[in-house]
Amino acid sequence: MTPLPPKEYDMNTPELLTCQEVLRLTGIRSRSTIWRRVQKGRFPAPVDLDAGRIRWRASDITAWISALPLVRY
């Protein structure tokens, strides 16, 4: 069986991301930081699939990243 290529996120199709994937994509270092930001309205809220399975829409995460301010030096 050949290994799968690295996962690329096509933002034209809805995809649900795990917390680990969100951490990797955003560079945020902890789950606690994500949840604090969600509670303050500063990060996209996840969807609850059922039985405690929480996922984030890839399009929401991409939009959040795109909206971050640029730092100019």
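Once backbone amide H atoms are built at 1.01 Å from N, LEU17 has TRP56, ARG57, ALA58 as its partners under 5 Å, excluding neighbours fewer than 5 places away on the same chain. The phi torsions of segment 63-73, fed into the Karplus equation with coefficients 6.51, -1.76 and 1.60 and a -60° offset, translate into couplings of 5, 4, 4, 5, 7, 5, x, 7, 9, 10, 10 Hz, rounded to whole numbers, with Gly and Pro shown as x.
In what sequence, highest mean first, do 38-46, 63-71 appear when ranked by Cβ atoms within 10 angstrom? Don't skip to the answer; put the middle values down first.
On the way: 38-46: 13.3, 63-71: 8.6.
Highest to lowest by the protection proxy: 38-46, 63-71.
Counted by Cβ distance under 11 Å from LEU23, the other residues give a net charge of +2, where Lys and Arg count +1 and Asp and Glu count -1.
No lab work stands behind these numbers, since they all come straight from the coordinates. Keep in mind it's a predicted model, so treat the numbers as computed, not measured. Counting neighbours? That spans all protein chains shown, and the Cβs are built from the backbone with ideal geometry, glycine included.
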